[in-house]
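Structure, as structure tokens:
Computed from the coordinates by the stated procedures, all read-outs in this text should not be read as laboratory data. Bear in mind the structure is a predicted one, so any value in this text is a computation, not a measurement. Cβ: placed from backbone, ideal geometry, glycine included. Neighbour counts: every protein chain shown.
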């Protein structure tokens, strides 16, 4: 078994088997009690006819043993970040303990070396930036400090590339931990101390010059290589690769290969992180959908569940399953003792532990045991119900139980993750949570869900690249799209961008896109449009739009918010006061217009990080470094003699864009680093009878102040959330991240969905991103929309409010409390009574707290269930003590 | 389920069970996960409950509501830590206030019986017309509302306690006033109105009131 969460989680035999090679050993067959091992199996060839192919072949970690200088494989205490990931893992070689290979002791002083195999033009290494190593190293540092708070962590790095959403904050979190030091320096591994096998590292700092230091362990932050067999893969599928071995990107559609019908997703596009991989996967599925729409659903089979067992007359028989979650829970909470404890609780007839309750085999185990032990309620003590409740509900259905007989006790987010250092108390708390959950479970009732029809139209808000791409993809799969644009013309921010760093002609692309949108009979564009009201729910929205003097009421099943972002208007560096100061976006436009002053400039200075990576906006705008390099390269082509200076904090030309950074450097563009507490000073000045802008900056390498006289000053103005973000968020009931960009349902796993069902997002409204990334995400959102629209019905929750007519006094308190207009008076044989329309009810339960006679009940969250949970918050002994106290005569 | 589902009864019940503090987490104000903005309803309930706690003699600081989004993990951790420290410093329920815990429980039980009545009163007289932070703080922190609440609640709490006492055995006006620490004339006033409503009856032989 290579992975503890492999699907299916079963053992298999690979080529290293001694029996297969030499006919020896055969021990496994003896110990396997189920007789599952069959040495006679051979490779079989299968032919499958398909209409499209997705290559999601991922990456290969860089192998540092190709370079002797890293000492990997020769020095025992030099490991790769991938090895270290295993050391940190509960299923790793030492069961989650970080130990040195040489003496099995805990390393106290650990160094990470960044950019191993990346950003290097030496033979055998990659010139590009792998894009993920800065942040995964920070994660490893944080985990290391959680494992051992005394550990000294040193990170030798080049630039810190925290360009992803919330990564800047993540970096600050790692950096601010005690005993963690980030040192910007080239390093070399000198060797090891033969006695204690400590690794000696040589590095240089501005203050101390060159020095050598010994570390208990050195971790090589290895980069991402294309799949090992990429050449063979390309040959088999007949696709072109770029010089690095990744798919040759079509910048207008990064999922495409040069061969129609074959698509790529994930890191085969080039180095990418998890969210990008997830949405390119969904994007590739959207492309296949467009190609194969006419065959949609032809191979689908309906899932059948065993008939539901009626247990309403039975006493509650609860089964409790306590999950280790690898070591996420069990490294803190004592799982076996929690299982023992659960067995002592009322109505619990069975309890056991599971390594991963969410694994397929565990679900099977729950189903089997439910039958064997006659369970009629199940408590899963594991993680938050947010992610996995649907999975476990499904497990109950498989067991022939009503899915609402499930309760999840969250002993991970609410317990082990927050009490890592208080193991005993955490175990007690886990038991408290389980006890409360069991109390609630015994009060649960079976509920029925019902199907709602799905309106097959989509509303896309925002007519920029993201919105148009998404709209076209959905329309190409046969569904109507209403595209809402607030301005007179489509195009959005891309109207102001002329080329990408890779050389794509953005305006030509945009023209094609706009034409395609207008030509598509399924896409209806509303210009100068404002949304005034959004009502309805997943599958059945109704949006009111005011457009060009008319009011439209649009019915749609899904909504995509692609409202883009704005550019920060700098208040610093003389912007708006001096006519030689521009933003990068303006400079790009001036270059495209061949503006005289820019063409004739002798000296041009760019300042990076203007308006972000500061207290007001604690994030990186992601695109500006590449933007600066792009403009610099263009100018160097126009006028190779122009002096160009880029004043930066960290150059974040991540991924394959690193090559352009190197190119700019080779062409004589000067890159000067500045520190946030010593920003460049800008003043207007006269020099040799010419008006210039004088930029003064400390040069860390020369250790003196530099004066740069610039004819043009260009500022990397931050990308900021669109002014209408808050308003749109309010209309569609979606939430915002701390920096006021849209907040996705899950940063990694649901990067194009909102937590609000039926609402999706893409483009820079999510976070600043490059055009290519926007296209990826727009297709990704289309893929998720299609997953919804390809169904004829969606299932509505059974957890809705219900009126017990007998108790209703027709006061109307519930009706005034309901904002969904889900409750009304109806005539019944017993007179007028309140009635809840279960389709409109969202199950918030506010009505139940207003009813003076408790006549309205929120199913699944009934007073009985919640009160028993509240009562169980105190332990049995405590209850006994209290009963004694009450029975005393007053 | 919305934070607005957190019923007055749930909070009182938790204290009745002997919890030393109750913490409620809701969405950020004006960023409702639903469209109900039920977090304002939860907030109103917290304000009411704090007033009830004041009447009973429980420190209202034992109840806290915080508004946060799914992105505010740090805020949750910090406010939980802060609240825990605060509740610890207040000491166990009753003991920290210098009141016998059984008295506290008795009064809480009486208050719980009033929840249906309080729901009506909330709707009729204590509902803030506008859901905004400013409107809520101004309304619930005004002395007028305090006065209004006292008027509504004091008498009802007294009667509710009397009913609880009478449930066990018939008692005379003097017994009741001693046990509840109430003015005997107030007690007879309550008893008169309660017998008019047919809730209690007066037994002339024992000179005691009993439940009707």
Problem set entry | For A:742, A:760, order by how many other beta-carbon atoms lie within 10 Å, fewest first | A:742, A:760
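Could you give the length gained by full extension between residue A:391 and residue A:795, i.e. 0.36 nm per residue of separation minus their alpha carbon distance, to one decimal place? Each step should come with its number before you reach the end.
On the way: separation 404, 0.36 × 404 = 145.44 nm, distance 1.49 nm.
Here the answer is 144.0 nm.
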Problem set entry | Test item: B:3-11 mean partner chain Cβ contacts at 10 Å | 5
Problem set entry | Within region A:378-407, backbone nitrogen closer than 19 Å to the virtual label 7 Å beyond the Cα of residue A:313 toward Cβ | A:401-402
Exercise. For the residue pair residue A:451 and residue A:414, what label-to-label distance in nm results when each label sits 7 Å from Cα along the Cα-to-beta-carbon direction?
Worked result: 3.5 nm
For this session: Run the quick spin-label model on residue B:101 and residue A:515: label points 7 Å from Cα toward the beta carbon, then report their separation in nm to one decimal.
Result: 8.1 nm
Problem set entry | Cβ crowding within 10 Å averaged over residues, with A:296-309, B:179-192, A:138-151 ranked highest first | A:138-151, B:179-192, A:296-309
For this session: Let me have the relative contact order for chain B, percent, based on Cα pairs under 8 Å that are six or more residues apart.
Result: 17 percent
Seminar exercise, completed: Per the Kirkwood formula over distinct C-alpha pairs, the hydrodynamic radius of the protein assembly as shown in angstrom is 33.6 Å
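Multiply the residue gap between residue A:571 and residue A:595 by 0.36 nm, knock off their C-alpha separation, and tell me the result in nm, one decimal place.
Values: separation 24, 0.36 × 24 = 8.64 nm, distance 2.41 nm.
That works out to 6.2 nm of additional length.
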Exercise. Once both axes come from the Cα atoms, what is the angle between helix A:133-147 and the longest principal axis of chain A, in degrees from 0 to 90, rounded to 10?
Worked result: 50 degrees
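Computed FRET efficiency, Cβ-Cβ of residue A:21 and residue B:133, R0 60 Å: what is it to the nearest 0.05? Show your work: numbers first, answer last.
On the way: r = 73 Å, r/R0 = 1.21.
Once rounded, the FRET efficiency stands at 0.25.
Given only helices, namely DSSP H runs of n ≥ 4 each adding -39500 (n - 2.57), what is the per-residue ellipticity at 222 nm of the protein assembly as shown, to the nearest 500 deg cm²/dmol?
Numbers: 31 runs with 365 residues, N = 1102.
Value at 222 nm, helices only, nearest 500: -10000 deg cm²/dmol.
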For this session: Starting from the Cα of residue A:66, step 7 Å toward the Cβ, then list every residue of region A:237-261 with an amide N under 13 Å from that point.
Result: A:244-246
For this session: Determine the gain in length on full extension of the stretch residue A:343-residue A:142; use 0.36 nm per residue of separation and subtract their C-alpha separation, reporting nm with one decimal.
Result: 68.7 nm
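Please report the relative contact order for region B:85-194, taking Cα pairs under 8 Å with a sequence separation of at least 6, and give it as a percent rounded to a whole number.
Working: 42 pairs, mean separation 22.7, N = 110.
With pairs under 8 Å counted, the relative contact order is 21 percent.
Evaluate E = 1/(1 + (r/R0)^6) for residue B:147 and residue A:821, where r is the Cβ-Cβ distance and R0 equals 35 Å; express this FRET efficiency to the nearest 0.05. Don't jump to the answer; show the numbers that get you there.
Details: r = 36 Å, r/R0 = 1.03.
It comes to 0.45.
Shape call for chain B from the C-alpha gyration tensor, a ≥ b ≥ c root eigenvalues: rounded (a/c under 1.5), prolate (a/b greater than b/c) or oblate? Numbers along the way, then the final one.
Details: a/c = 2.69, a/b = 1.82, b/c = 1.48.
Here chain B falls in the prolate category.
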Exercise. Label point 7 Å out from residue B:154 along Cα-to-Cβ: which residues of region B:166-206 have amide N under 13 Å?
Worked result: B:182-183, B:186-187
Seminar exercise, completed: Taking r as the C-beta separation of residue A:687 and residue A:535 and R0 as 51 Å, the FRET efficiency to the nearest 0.05 is 0.20
Exercise. With the Cα gyration tensor of region B:169-212 giving a ≥ b ≥ c as the square roots of its eigenvalues, does the rule (a/c under 1.5 for rounded; else a/b larger than b/c for prolate; else oblate) give rounded, prolate or oblate?
Worked result: oblate
Exercise. Mind checking the mean number of beta-carbon atoms from other chains within 10 Å of the Cβ atoms in A:221-227?
Worked result: 0
Problem set entry | Shielding by other protein chains, A:849-859, mean Cβ within 10 Å | 4
